[in-house]
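Asks: Sharing a structure here in structure tokens format.
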Amino acid sequence: MIRIIAGGKKNADWWAEACAEYEKRLRKPYEVKWEFIEEEKLGKRLEDWPFDHKDFVICCDERGKNISSDEYCSLLTKAFVDSRNVVILIGGAYGFSENVREKADFVWSFSRLVFPHALARVIVCEQIYRASQIAIGGKYHHE
């Protein structure tokens with residue numbers, strides 16, 4: 001199971017429809033569970049959140065490392081093999097504090113571009129699906 005904690009509002013339907021399309025194809029351990037937290041409360045919650053060694057925390061932030069889909073698949077696969085829960089954090093408009101980025105296991109930048117929350121959510125879902133296909137040798141991902 002992959003838990004996604006997202007900042008911002010849950011008000012747009014288009015991103016939810018796009019994510020649902022990828023999510024319906026997912027199987028264990030790539031299933032997704034969403035948790036939405038108001039942007040103003042997200043930073044405070046994460047500052048106080050006990051980053052646990054049982055969780056493999058991926059923080060989506062433009063100041064992170066840009067990796068390939070294959071490398072992303074390897075991160076998720078290693079977390080699952082190590083019996084760690086995968087938690088993906090999608091921040092608010094101002095990203096995450098240095099403290100949160102330091103506590104995360106991996107800080108992931110999609111690119112040097114900045115994306116709105118809704119689009120970041122779709123990117124995360126698509127990459128989870130792509131990783132699941134890479135892991136099983138599916139036809140969705142080609143090189």
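The values are calculated or read from the model by the stated rules, or taken from the named source; none is laboratory data. Note that the structure is predicted; figures quoted are calculated from it, not measured. Heads up, the Cβs are rebuilt from the backbone with ideal geometry, glycines too, and the neighbour counts pull from every protein chain shown.
Asks: Would it be correct to say that CYS59 is touching a helix residue (DSSP H, G or I) at 6+ places or on another chain (Cβ under 8 Å) and either over 16 Å from ALA131 (Cβ atoms) or aromatic (Phe, Trp, Tyr) (or both)?
Replies: Numbers: touching a helix residue (DSSP H, G or I) at 6+ places or on another chain (Cβ under 8 Å): yes; either over 16 Å from ALA131 (Cβ atoms) or aromatic (Phe, Trp, Tyr) (or both): yes.
For CYS59, the condition - touching a helix residue (DSSP H, G or I) at 6+ places or on another chain (Cβ under 8 Å) and either over 16 Å from ALA131 (Cβ atoms) or aromatic (Phe, Trp, Tyr) (or both) - is met.
Asks: Suppose the filter is more than 15 Å from the chain's Cα centre (by Cα), surrounded by 13 or more Cβ atoms within 10 Å (Cβ to Cβ) and not polar (S, T, N, Q); does PHE36 pass it?
Replies: Details: more than 15 Å from the chain's Cα centre (by Cα): no; surrounded by 13 or more Cβ atoms within 10 Å (Cβ to Cβ): yes; not polar (S, T, N, Q): yes.
In short, no.
Asks: Give the residue, chosen from TYR30, TYR22, that is surrounded by 12 or more Cβ atoms within 10 Å (Cβ to Cβ), touching a strand residue (DSSP E or B) at 6+ places or on another chain (Cβ under 8 Å) and of a type in the set (Ser, Thr, Tyr).
Replies: Exactly one residue qualifies, and that residue is TYR30.
Yes/no per residue for (1) surrounded by fewer than 19 Cβ atoms within 10 Å (Cβ to Cβ); (2) β-branched (Val, Ile, Thr):
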position	(1), (2)
SER74	yes, no
THR77	yes, yes
VAL87	no, yes
GLY91	no, no
VAL100	no, yes
GLU126	yes, no
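Asks: Let me ask you something else. Under 8 Å between Cβ atoms, at least 6 apart or on separate chains: pull out the pairs that start in the stretch 60-87 with a residue that is under 21 Å from SER111 (Cα atoms) and in contact (Cβ under 8 Å) with a residue 40 or more places away in the chain and end on any residue that is of a type in the set (S, T, N, Q) and assigned to a loop (DSSP other than H, G, I, E, B).
Replies: Filtered contacts from the stretch 60-87: CYS60/SER109; ASP61/SER109; GLU62/SER109; ARG63/SER109; GLY64/SER109; LYS65/SER109; ASN66/SER109; ASN66/SER111.
Asks: Suppose the filter is surrounded by 12 or more Cβ atoms within 10 Å (Cβ to Cβ), under 11 Å from the mean Cα position of the chain (by Cα), part of a loop (DSSP other than H, G, I, E, B) and not charged (D, E, K, R); does PHE110 pass it? Give the steps one after another, and end with the answer.
Replies: Numbers: surrounded by 12 or more Cβ atoms within 10 Å (Cβ to Cβ): yes; under 11 Å from the mean Cα position of the chain (by Cα): yes; part of a loop (DSSP other than H, G, I, E, B): yes; not charged (D, E, K, R): yes.
Criteria met by PHE110.
Asks: Let me ask something additional. Of the residues ARG45, ARG27, which is farther than 22 Å from SER111 by Cα, out of contact with any His (no Cβ under 9 Å at 6 or more places or on another chain), in contact (Cβ under 8 Å) with a residue 60 or more places away in the chain and not β-branched (Val, Ile, Thr)? Please lay out each step first, then the result.
Replies: Details: ARG45 fails: in contact (Cβ under 8 Å) with a residue 60 or more places away in the chain.
Only one candidate passes the filter, namely ARG27.
Asks: Out of all the residues in the stretch 92-103, is one or more part of a loop (DSSP other than H, G, I, E, B), in contact with a strand residue (DSSP E or B) (Cβ under 7 Å, 6 or more places away or on another chain) and either among the aliphatic types (A, V, I, L, M) or free of Cβ contacts under 8 Å to residues at least 40 places away in the same chain (or both)? Please lay out each step first, then the result.
Replies: So in the stretch 92-103, the residues part of a loop (DSSP other than H, G, I, E, B) come out as 93-94, 96-97.
Among the residues that remain, those that are also in contact with a strand residue (DSSP E or B) (Cβ under 7 Å, 6 or more places away or on another chain) are: 96.
When the remaining residues are screened for being either among the aliphatic types (A, V, I, L, M) or free of Cβ contacts under 8 Å to residues at least 40 places away in the same chain (or both), the result is none.
Within the stretch 92-103, not a single residue is part of a loop (DSSP other than H, G, I, E, B), in contact with a strand residue (DSSP E or B) (Cβ under 7 Å, 6 or more places away or on another chain) and either among the aliphatic types (A, V, I, L, M) or free of Cβ contacts under 8 Å to residues at least 40 places away in the same chain (or both).
Asks: Provide a single number: the residues in the stretch 38-73 that are modelled with pLDDT under 85, in a loop (DSSP other than H, G, I, E, B) and of a type in the set (D, E, K, R).
Replies: Within the stretch 38-73, residues that are modelled with pLDDT under 85, in a loop (DSSP other than H, G, I, E, B) and of a type in the set (D, E, K, R) number 1.
Asks: Consider LEU42 carefully, then state whether it is touching a strand residue (DSSP E or B) at 6+ places or on another chain (Cβ under 7 Å) and under 23 Å from THR77 (Cβ atoms).
Replies: Details: touching a strand residue (DSSP E or B) at 6+ places or on another chain (Cβ under 7 Å): yes; under 23 Å from THR77 (Cβ atoms): no.
No; evaluated as a whole, the condition is false for this residue.
Asks: Six or more apart or on different chains, Cβ under 7 Å: which pairs go from a residue in the stretch 1-23 that's more than 15 Å from CYS59 (Cα to Cα) and charged (D, E, K, R) to one that's at pLDDT below 95 and assigned to a strand (DSSP E or B)? Could you list them?
Replies: Once the first residue is more than 15 Å from CYS59 (Cα to Cα) and charged (D, E, K, R) and sits in the stretch 1-23, its partners that are at pLDDT below 95 and assigned to a strand (DSSP E or B) give LYS10/PHE36.
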